[in-house]
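Okay, structure first, notes after.
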Amino acid sequence: MNMPRTHLLIVAIALLAAVVGFLAFRDAPPPSPVHQALTLLPEPRPLPSFNLIDQHGEPIDEQALTGQWHLVFFGFTHCPDICPMTLQTLAAVRGRFEGEGAGRPGVVFVSIDPARDGPDMLGDYLAYYDPDIVGITGEEAAVAEFARAMGVAVIMGETDAHGHYNVDHTTAVFLIDPEGRLAGLFRLPHRVDAMAQDLGRLIGSRG
Amino acid sequence: MNRRVPAALAALAALLLTACGPGPDAGVLIEDPWIREAPPGARALAGYMRLENRGDAPVALLLANSDTFERIELHHTLQVDGTMRMVEVDHVPLPPGETVAFAPGGLHLMLFTPREPLRAGDGVTIELTFSDGTARDLRFEVRDVRERR
Ligand SMILES: [Cu+2]
């Protein structure tokens, strides 16, 4: 005798749950794309302005980082381990967007060791990975100020008996949107597939 | 009959040598030594390999030298709070039975100032000196590890 009533109760609860669920999610935004490697900022932030030079010795400022997505990495050419790995990865990520015109991200390498990385050194070094990589160097104080404004830690090491020194630095890769704003960053480990997929999704969703 | 004795003795000696473990080169097995090809003009390169201590006693890698480079240091790349640091280590311990990898993003031979341009396929001889007093000459292969496009 009690069975039908129990069933009715279960059906009612299920219906109620469905209605509550529908109401709760009806107005929810579509789920944001899940990124594997990318950390997006809640709001894009304007880039600090800078006046530096590129690997051709030409002046370059923050306007150069507009018009397409850019991946920006800070490093130095006397770094034979992490910096080549990162440049290689970024060149490969860029390679995945071959033929996509303005949808193809640009790659920018900022030397945090401008005393040793003059334009010529930087030009030869970057061309090995991809001649389209933009190299940025310049006055030591101006480069240091740009790095600081970007939140990049730069710790110049002591010079050893052979005149060599290391530069400890942030390994994150910064993502700049086509409006020239800091949109997010990629932390280590930098993997080509994950980065390219995240970027493809983001570029696709924003046109 | 007599002619067979030396052969038998040689076979026995070979068997004993194998059974008794470490011959002159059996202590540390070095595998896959290579150098990352660097852009032209690069003043510092990195060398990698795997070192397996097949002996029963701890040993350490102390030094690396090569005529091809001005100087070689043992380095470790450390990542602390998103910051990359490269530090020189005095020696690299090789505990018995363990394999220590010199690999991208970690331990590497820091190769300063090549005396000649090095391209993929080149071989570079590097001498490794260990704490047991042994030294070994090894051929490192220069490799281009960029992704093909
Ligand atoms: Cu190093």
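The values are calculated or read from the model by the stated rules, or taken from the named source; none is laboratory data. Predicted model only: the values in this text are computed from it and were never measured. Positions of Cβ are generated from backbone atoms using ideal geometry, with glycine treated the same way; all protein chains shown enter the neighbour counts.
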Exercise for the section: Kindly provide the set of residues from region A:163-179 that are within 13 Å of the ligand (Cβ to nearest atom) and either among the acidic types (Asp, Glu) or outside any strand (DSSP E or B) (or both), ordered by number. Expected result: A:His164, A:Tyr165, A:Asn166, A:Asp168
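Every residue, every condition in (1) closer than 14 Å to A:Leu175 by Cβ; (2) touching an Asp or Glu at 6+ places or on another chain (Cβ under 9 Å); (3) modelled with pLDDT of 95 or more, yes or no:
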residue: A:Ala37; (1), (2), (3): yes, yes, no
residue: A:Ser49; (1), (2), (3): no, yes, yes
residue: A:Gln55; (1), (2), (3): no, yes, yes
residue: A:Asp61; (1), (2), (3): no, no, yes
residue: A:Leu71; (1), (2), (3): yes, no, yes
residue: A:Ile82; (1), (2), (3): no, no, no
Practice task
Name the residue, out of B:Thr99, B:Thr77, B:Thr83, that is of a type in the set (S, T, N, Q) and modelled with pLDDT of 95 or more.
Solution key: B:Thr99
Fill in the blank from the handout: If we keep only residues of region A:152-172 that are more than 10 Å from every other protein chain (Cβ to nearest Cβ) and surrounded by 13 or more Cβ atoms within 10 Å (Cβ to Cβ), then the residue modelled with the highest pLDDT is A:Tyr165
Completion exercise
Pairs returned, first residue in region B:84-110 that is farther than 19 Å from B:Asn65 by Cα and touching a residue at least 12 places away in the same chain (Cβ under 8 Å), second residue that is within 16 Å of the ligand (Cβ to nearest atom) and assigned to a loop (DSSP other than H, G, I, E, B), beta-carbon separation under 6 angstrom, 6 or more apart or interchain, are B:Met86/A:Asn166
Exercise for the section: Please tell me if B:Leu29 is exposed (fewer than 14 other Cβ atoms within 10 Å of the Cβ) and at pLDDT 95 or above. Expected result: yes
Problem - Answer from A:Arg181, A:Arg148 - the residue that is over 14 Å from the mean Cα position of the chain (by Cα), of a type in the set (D, E, K, R) and within 21 Å of A:Ala64 (Cβ to Cβ) - result: A:Arg148
Exercise for the section: Only residues that are surrounded by 14 or more Cβ atoms within 10 Å (Cβ to Cβ) and over 26 Å from B:Val28 (Cβ atoms): list them for region B:121-149, please. Expected result: B:Arg146
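Do you know which residues across region B:125-149 are under 22 Å from B:Glu52 (Cβ atoms) and within 14 Å of chain A (Cβ to nearest Cβ)?
Correct list: B:Phe140, B:Arg143.
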Practice task
Using the structure shown, decide if A:Val107 is touching a Leu at 6+ places or on another chain (Cβ under 9 Å) and either free of Cβ contacts under 8 Å to residues at least 40 places away in the same chain or more than 20 Å from B:Glu147 (Cβ to Cβ) (or both).
Solution key: yes
Practice task
Report, by residue number, each residue of region A:66-83 that is within 18 Å of the chain's Cα centre (by Cα), at the interface with chain B (Cβ under 9 Å from one of its Cβ atoms) and either more than 16 Å from the ligand (Cβ to nearest atom) or without any contact (Cβ under 8 Å) to a residue 12 or more places away in the chain (or both).
Solution key: A:Cys83
Handout entry: Any hit, region B:47-59, residues being hydrophobic (A, V, I, L, M, F, W, C) and within 21 Å of A:Cys83 (Cβ to Cβ)
Key = yes
Handout entry: Residues (without any contact (Cβ under 8 Å) to a residue 24 or more places away in the chain and of a type in the set (Gly, Ala, Ser)) located in region A:34-64
Key = A:Ser49
Exercise for the section: Being under 23 Å from B:Thr77 (Cβ atoms) and free of Cβ contacts under 8 Å to residues at least 24 places away in the same chain narrows it down to one of A:Gly101, A:Gly163, A:Gly118, so name that one. Expected result: A:Gly163
Fill in the blank from the handout: Filtering region A:125-137 down to residues that are assigned to a helix (DSSP H, G or I) and either modelled with pLDDT under 95 or of a type in the set (Ser, Thr, Tyr) (or both) yields A:Tyr125, A:Tyr128, A:Tyr129
